[in-house]
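Heads up, the thing below is written out as structure tokens.
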């Protein structure tokens, strides 16, 4: 992979990381504990609030996983290991990295895993 391609992926990864961190900061409000005072909130409203809270927690968990993958890709770039399969060591196709810039395995090794 060319240095210019790696640099383009680095810029893209940093942009994605910043976006996820921004979303994480703005969505912390939705994950706060639900008020369980029955006099102020009806049963269905509480259920809706609890469901929204669970959805917010799951979203936060997924964002954290994605941030971890993005940070791993940035570390691989810094170590000059980005774009190489962690299993077989072959270069990962640029089209695969375009689809998922955090990919750590080539398509052949992914297919072997099923």
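Every listed requirement among (1) at pLDDT below 95; (2) exposed (fewer than 11 other Cβ atoms within 10 Å of the Cβ) is met by residue 78 save one, (1).
Would you say residue 17 is at pLDDT 85 or above, in a helix (DSSP H, G or I) and touching a helix residue (DSSP H, G or I) at 6+ places or on another chain (Cβ under 8 Å)? Talk me through it step by step, then tell me what you get.
On the way: at pLDDT 85 or above: yes; in a helix (DSSP H, G or I): yes; touching a helix residue (DSSP H, G or I) at 6+ places or on another chain (Cβ under 8 Å): yes.
Yes; evaluated as a whole, the condition is true for this residue.
Number of residues in the stretch 1-14 that are assigned to a helix (DSSP H, G or I) and touching a residue at least 60 places away in the same chain (Cβ under 8 Å): the value is 7.
Only one of 51, 38 is at pLDDT below 95, in contact with a helix residue (DSSP H, G or I) (Cβ under 9 Å, 6 or more places away or on another chain) and exposed (fewer than 12 other Cβ atoms within 10 Å of the Cβ); which?
On the way: 51 fails: in contact with a helix residue (DSSP H, G or I) (Cβ under 9 Å, 6 or more places away or on another chain).
The match here is 38.
The residue list 60, 86, 103, 73 contains one member that is within 15 Å of the chain's Cα centre (by Cα) and outside any helix (DSSP H, G or I), which is 103.
The values are calculated or read from the model by the stated rules, or taken from the named source; none is laboratory data. On a predicted model such as this, the values are computed, not experimentally measured, just so you know. All Cβ positions, glycine included, derive from the backbone under ideal geometry; neighbour counts span all protein chains shown.
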